[in-house]
Structure formats: structure tokens, C-alpha cells
Amino acid sequence: QVQLVESGGGLVQPGGSLRLSCAASGFFFRSYVMNWYRQAPGNQRDFVASITGNFNTNYADSVKGRFTISRDNAKNTVDLQMNSLKPEDTAIYYCNVRYSNRPYWGQGTQVTVSS
């Protein structure tokens, strides 16, 4: 079965950096687009970044130039490097894949940007 496990969240000061990682299993990883989403309290879950199996990337306007998504098709992992973090980046971050016509989500990892 499809499993996505995120790690790497935490508390960081504004302007700081964090690196999130998602370990995937249960599907042929390199064939699928992998995504990161985030959800702040009281808000909907929003798209952050995506990466195809061929390493083409796409970003939400709010994170362009600050976040970088990457993947390792040998290790079945997808990472999100987050730099120049702002308080408005505070959210639970989720790894996502659409497999067999349905979305799968990890359990999420909390990112808090605060002084």
C-alpha cells in the first residue's frame, strides 16, 4: 500500500531554514509527480511545490525563490528545502502523490516560524 512519511519540521526563527523530507513506498516512485502542500490553522490545504519523475518543478508564487523541491529516485524520497522562512509559512506540511486516481497524503509535519 502507498505510504508517505514526512520528517524535518520544527520551530525556526524568521529568515531561517528547514529541510523537510518525505519517504515514499508502495508504488513505482520514479513514475509519479510528487507534491508538497501546506495547511495553516483555519485555512484550506494549499499547493506548495511539485516535481515530476524527470525533475521538472513547479512552485506556488508565495514560495518561489525561497523553497526548492528535489527528489532521489533511488531512495524514493522527496525533499523540500525552505529558506528565508516567514511567519506566514507556518503550517502543517504534507507530502502528496496521486496514485490510481486518488490522492494519498502523509501524516504531515509541523513547521512554525516565530521569534
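In this structure, is Y32 more than 15 Å from V113 (Cβ to Cβ), touching a Lys or Arg at 6+ places or on another chain (Cβ under 6 Å) and in contact (Cβ under 8 Å) with a residue 24 or more places away in the chain? No: the conditions fail for Y32.
Identify the residue in region 91-102 that is assigned to a strand (DSSP E or B) and not aliphatic (A, V, I, L, M) and, among all such residues, is nearest to R19 (Cα to Cα). Selected residue: Y93.
Working only within region 91-115, note down all residues that are open to solvent by 80 Å² or more (accessible area, probe 1.4 Å) and aromatic (F, W, Y).
Within region 91-115, W105 is the sole residue that qualifies.
A40: out of contact with any Gly (no Cβ under 6 Å at 6 or more places or on another chain), among the aliphatic types (A, V, I, L, M) and free of Cβ contacts under 8 Å to residues at least 24 places away in the same chain, yes or no?
no
Restricted to strands (runs of 3 or more DSSP E) entirely inside region 1-90, those with at least 2 residues that are open to solvent by 40 Å² or more (accessible area, probe 1.4 Å) are 3-7, 18-25, 34-39, 46-51, 57-59, 67-72.
The values are calculated or read from the model by the stated rules, or taken from the named source; none is laboratory data. All of these numbers come straight from a predicted model, not from anything done at the bench. We place every Cβ from the backbone using ideal geometry, glycine too, and count neighbours over all the protein chains shown. Each accessible area value is taken on the protein alone, full model and side chains, heavy atoms only, with ligands, DNA and RNA left out. Shrake-Rupley method; radii C 1.70, N 1.55, O 1.52, S 1.80 Å.
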